[in-house]
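Here is the structure we will look at.
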Amino acid sequence: MDDNKKAKNKPHKGMLGEKTDADGWVMHEGEEGHSSRVDGKTEKQRQQRARRRKVVFFRTLLLAAFLLLLGFGIYQTANALSRNDAREKARKQKEAEINAEEQKLAERRATILKADALAETYDYDAAIELLKAQEDYENDADLLDAIARYMAAKTSLVAKDVTTVPHIFFHSLLVDPERTFDSSKWDADSIAGMNAWMTTVEEFDKIIQQMYDNGYVLVRMRDLVTEGVDQDGNRTFTKNKSLMLPAGKKPYVLSIDDWSYYHSYEGKGLAEKAVLDENGEVKCQYTDAQGNVHIGDYDVLPRLNTFLKEHPDGAYKGARGMIAMTGYNGVFGYRTDVAYKTHERLDADQAAYLAAHPEFDYDEEVSEAKHIADAVKASGWEFACHTWGHLSVTGKSVETLATDQEKWQNTVANIVGKTDTIIFAHGNDIGNWRDYDAETNPVYAYFKSMGYDFYANVDASAPYWLQIRKEYLRQGRIDCDGLQMWRAISGAAKTNVFADLFDVESVFDKRRPTPVSATGKR
């Protein structure tokens with residue numbers, strides 16, 4: 001075979017368009033070896049392609065599984081968060097419901113406590129009304145139980161005879177009697193006046209405690225009457241037949257005279273002015289013998305307030321006393337009379353005070369006094385006129401009384417407010433024991449025209465004295481001071497008017513100079 005023929009049949013790598021075996025050799029007709037090689041190569045490629053498809057498939061499957069698991073995880077996480085949110089929301093809602101229920105219970109307890117406080121003062125109607133005003137009270141066992149208690153207590157009350165109610169009164173209290181009765185400091189008249197008309201702190205405490213122990217309950221002067229209005233629009237008065245207290249309890253009225261802290265009191269062991277403490281409660285400022293200033297219960301008003309806070313059943317429906325005010329030295333220890341502003345017609349004490357207080361500010365004094373008056377009224381006390389100049393009304397003309405009354409209205413009423421009560425100074429009166437009559441008594445007619453419907457004098461001849469007429473109430477007062485207590489102890493008084501109130505022997509302060517007389521300065 002020649003070289004060309006050999007070359008022609010020699011196997012070679014296939015070119016474009018030539019049929020090749022699996023190893024890439026050109027397949028000629030009749031060359032079976034070449035054909036098998038070509039078939040083997042094709043199978044191998046097919047297998048490679050199949051493996052690649054499987055790899056892609058499994059990768060895709062794994063990716064799908066991963067994505068499925070990731071989606072499931074996200075779903076589970078979202079679902080868990082949703083459940084957590086729902087649980088947190090439910091927890092907060094439950095907590096809010098519990099808090100609301102606890103708040104409701106706390107408010108109910110507070111309401112019952114407030115109602116109990118009213119009931120302690122014998123105001124059962126107000127206590128019941130308060131509880132019945134609560135929402136759905138008919139289905140509240142605690143409220144219904146409290147209402148039942150109040151109603152049962154109310155049925156045990158009995159009406160009191162208002163015509164047998166005693167009225168006691170005090171001046172400012174002696175905090176340090178040793179200073180008050182120090183003859184090396186004060187003249188005999190000053191000491192005698194303090195000894196006769198004042199009460200010591202210790203005496204006051206014993207009186208109030210013993211009266212409480214003896215069943216006495218403080219009432220207002222106006223609690224003794226039932227008010228009405230006639231066809232002309234005028235106020236009318238009748239005996240109050242519904243002053244209800246438990247059996248064994250006895251009503252009494254209390255008043256204070258001259259709560260002004262006159263210059264004549266200075267340095268004699270008494271408080272010097274009324275002030276408000278950090279809680280807005282009325283207290284008194286007192287300077288002791290060493291010059292130390294104290295704030296506390298150094299006079300009748302704050303002392304009685306504290307006692308009744310501790311013994312609320314000692315006062316009927318939160319009653320407090322009546323304060324009879326003058327104005328010539330100001331009120332409550334504040335120098336509010338117009339003379340301190342104008343410097344006109346000053347007496348020696350007033351001039352000395354202004355000289356000792358160059359920083360004095362009249363408007364500030366009036367403002368402070370008004371704050372005191374507002375706090376006094378808010379605590380339940382009432383104010384009465386005692387005349388501006390501590391004037392004896394007996395034998396005075398209407399013109400003289402009108403001049404004094406104008407001063408009182410301008411320098412006292414402008415601070416304490418209007419009042420319908422006048423308590424006569426020096427224990428005097430504008431008539432005898434007979435009824436007031438406007439037609440025959442021009443002084444009564446004048447005071448009535450000024451709006452006074454309640455009148456009081458001093459009468460220690462009997463345990464009580466009262467007139468209730470259509471136009472007015474008039475009551476006698478007993479002075480619980482050194483003079484009357486000494487008269488009861490010494491037998492000088494025909495009647496011991498303190499017998500049913502307290503034991504005067506145990507109350508009388510042994511530091512007092514005796515005998516006690518009425519000859520001193522008032």
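The values are calculated or read from the model by the stated rules, or taken from the named source; none is laboratory data. Remember, it's a predicted structure, so these values are computed and weren't measured experimentally. No Cβ is skipped: glycine too gets one built from the backbone with ideal geometry, and neighbour counts run over all protein chains shown.
Structure notes:
- Among residues of the range 367-392, those that are farther than 30 Å from Tyr316 by Cβ and surrounded by fewer than 21 Cβ atoms within 10 Å (Cβ to Cβ), counted: 5
- Selected residue [without any contact (Cβ under 8 Å) to a residue 24 or more places away in the chain and either part of a loop (DSSP other than H, G, I, E, B) or assigned by TED's automatic domain parsing to the domain that holds Met151 (or both)] from Gly233, Gly267: Gly233
- Count - residues of the range 410-451 that are among the small types (Gly, Ala, Ser) and closer than 26 Å to Gly330 by Cα: 6
- Test: Val175 is in the same structural domain as Leu254 (by TED's automatic domain parsing) and touching a Pro at 6+ places or on another chain (Cβ under 7 Å): no
- If only residues of the range 499-513 that are outside any loop (DSSP other than H, G, I, E, B) and of a type in the set (A, V, I, L, M) are counted, the one that is nearest to the chain's Cα centre (by Cα) is Val507.
- Considering only residues in the range 223-235 that are over 26 Å from the mean Cα position of the chain (by Cα) and among the charged types (D, E, K, R), the one that is surrounded by the most Cβ atoms within 10 Å (Cβ to Cβ) turns out to be Arg235.
- Qualifying position, being acidic (Asp, Glu), more than 30 Å from the chain's Cα centre (by Cα) and either farther than 22 Å from Asp258 by Cα or surrounded by 18 or more Cβ atoms within 10 Å (Cβ to Cβ) (or both), among Asp161, Asp189: Asp161
- Subset of the range 236-264 that is under 28 Å from Val293 (Cβ atoms) and not in a strand (DSSP E or B) - its residue that is nearest to the chain's Cα centre (by Cα): Trp259
- Residue satisfying condition, being crowded, with 17+ Cβ neighbours inside 10 Å and touching a helix residue (DSSP H, G or I) at 6+ places or on another chain (Cβ under 9 Å), within set Lys239, Lys250: Lys250
- Filter result (of a type in the set (Gly, Ala, Ser), more than 23 Å from His371 (Cβ to Cβ) and part of a helix (DSSP H, G or I)) within the range 299-329: Gly314
- Counted residues, the range 494-520 - those being closer than 20 Å to Tyr252 by Cβ and at pLDDT below 95: 1
- Matching option when the condition is aliphatic (A, V, I, L, M), out of contact with any Asp or Glu (no Cβ under 8 Å at 6 or more places or on another chain), part of a helix (DSSP H, G or I) and on the phi < 0 side of the Ramachandran plot, among Ile430, Ile415: Ile415
- Residues of the range 212-222 include at least one that is assigned to a helix (DSSP H, G or I), out of contact with any Gly (no Cβ under 7 Å at 6 or more places or on another chain) and without any contact (Cβ under 8 Å) to a residue 60 or more places away in the chain.
- Taken over the range 110-144, the criterion of being farther than 30 Å from Asp223 by Cβ, part of a helix (DSSP H, G or I) and free of Cβ contacts under 8 Å to residues at least 24 places away in the same chain is satisfied by Glu138, Asn139, Ala141, Leu144.
- Residues of the range 282-296 satisfying the condition of being part of a loop (DSSP other than H, G, I, E, B) and in contact with a helix residue (DSSP H, G or I) (Cβ under 7 Å, 6 or more places away or on another chain): Ala289
- Verdict on Asp404 being outside any loop (DSSP other than H, G, I, E, B), acidic (Asp, Glu) and over 29 Å from the mean Cα position of the chain (by Cα): yes
- Restricting attention to the range 353-380, the residues that are in contact (Cβ under 8 Å) with a residue 60 or more places away in the chain and assigned to a helix (DSSP H, G or I) total 5.
- The range 145-161, residues that are assigned to a helix (DSSP H, G or I), hydroxyl-bearing (Ser, Thr, Tyr) and farther than 24 Å from Lys104 by Cβ: Thr155
- Count of residues meeting criterion [surrounded by 13 or more Cβ atoms within 10 Å (Cβ to Cβ), part of a loop (DSSP other than H, G, I, E, B), among the charged types (D, E, K, R) and without any contact (Cβ under 8 Å) to a residue 40 or more places away in the chain] in the range 330-352: 1
- Checked against the criterion of being surrounded by fewer than 20 Cβ atoms within 10 Å (Cβ to Cβ) and either free of Cβ contacts under 8 Å to residues at least 12 places away in the same chain or not charged (D, E, K, R) (or both), the range 469-482 has no qualifying residue.
- Residues that are crowded, with 20+ Cβ neighbours inside 10 Å and over 29 Å from Lys407 (Cβ atoms), drawn from the range 306-329: Leu308, Gly314, Ala315, Tyr316, Ala319
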